[in-house]
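Before any comments, here is the structure.
The values are calculated or read from the model by the stated rules, or taken from the named source; none is laboratory data. For clarity, every value in this text was computed on a predicted model and none was experimentally measured. Please note: Cβ atoms are built from the backbone with ideal geometry, for glycine as well, and neighbour counts cover all protein chains shown. Note: areas computed on protein heavy atoms with side chains; ligands, DNA, RNA excluded. Shrake-Rupley method; radii C 1.70, N 1.55, O 1.52, S 1.80 Å.
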Amino acid sequence: MIPIVQYNNYYHLRCSICTEVFTEPVSLNCQHTFCKSCIQQSLKTLQQCPLKPKLERVEQSSDHGEWRQRTTAGQDMCSKHNETLQLFCDTDKRLICVVCRDGRAHEGHKFKPVKEAQDDIMEKLVSDLIYLQEDINMVVRFLESERGITANMRERNVRLKAEISSQFEELREQLRLREEQAMREIEDMDMDFETKLTEIEEVLAEGWERQAILKSAMNIAEPREFVMWWTEKGEAEARLGPRDKM
């Protein structure tokens, strides 16, 4: 298993404009963070924070190349006390003024200046990006490894398919030859049977012929003629039966 952090855990590390992990992240005073190139391109048309249209306008500092927010209609001020939002409540995770800090709602809470809060958040952001990059690199290495394994398996499967096809083709050829041989053997057996039957029929016909000759001799009434027939022909015909020729 690849130990990669789930997408939702890094949602806050993604630019709201390009939806990718921050590239050269810059933060506005409203704490919204974007890729530097994304917010630059957005400001060419909007001239305000993309997440708070109609309320805030931003401009680029010419001194330090950083992005700062110039709010209108008192948006940099606390809506309750009309004081500047100078502090960040680390407990409630929100911007507050010095009057809010001393109120009951924030009693026992931890506070820090907005710039310090930005630095701490940026430090954590950079740390998260490092871990994310490590996870991405691990996934890239795993993907490359899997692609190599997949390519090798595909080559092996191609060879295996060709080998199986060749083996089955050879087997089919052997079966075809065996079929032809078996059919010839059966045809030879049929011919043998036919030949045998013909020979038996010929012997039988010859037996019937000799039988007719012997029966006809029984009609010879004159003794000397009968004896002469027997000694000259009949005895030989009587001794040679159908079984002698089978």
Counting only residues 5 or more apart in sequence or on a different chain, those whose built amide H sits under 5 Å from that of residue 111 are 90
Under the 0.36 nm per residue contour assumption, what length would be gained going from the current alpha-carbon distance of residue 163 and residue 215 to full extension?
11.0 nm
When the dipole is taken about the Cα centre of region 71-180, and only Lys, Arg (+1) and Asp, Glu (-1) are charged at their Cβ, what size is it in debye, to the nearest 20?
220 debye
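Which sequence of 32, 81, 106 reflects their accessible areas, 1.4 Å probe, from the largest down? Provide the component values of the computation, followed by the final result.
Details: 32 40, 81 75, 106 15 Å².
So the residues, ranked largest to smallest area, are 81, 32, 106.
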With a Förster radius of 35 Å, plug the Cβ-Cβ distance of residue 81 and residue 45 into 1/(1 + (r/R0)^6) and report the FRET value to the nearest 0.05.
0.50
Tell me which residues come under 5 Å, amide H to amide H, from residue 96 once H is placed; ignore anything under 5 positions away on its chain.
86, 87, 88, 89
Inter-site label distance for residue 208 and residue 17 at 7 Å from Cα along Cβ, in nm:
11.6 nm
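Using the beta-carbon distance between residue 98 and residue 137 and R0 = 41 Å, what value does 1/(1 + (r/R0)^6) give for FRET efficiency, to the nearest 0.05? Intermediate results must be reported in sequence, preceding the final value.
Details: r = 45 Å, r/R0 = 1.10.
Computed FRET efficiency for residue 98 and residue 137 comes out at 0.35.
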Provide the FRET efficiency to the nearest 0.05 for the residue 228-residue 199 pair, computing r from the beta carbons and using R0 = 45 Å.
0.85
Note: probe point = Cα of residue 173 + 7 Å toward Cβ; backbone nitrogen < 20 Å; residues of region 124-161 passing the test are 159-161
Per residue of region 89-97, in order, report the coupling 6.51 cos²θ - 1.76 cosθ + 1.60 (Karplus, θ = phi - 60°) as ³J(HN,Hα) in whole Hz, putting x for Gly and Pro.
7, 6, 7, 8, 6, 8, 7, 9, 9
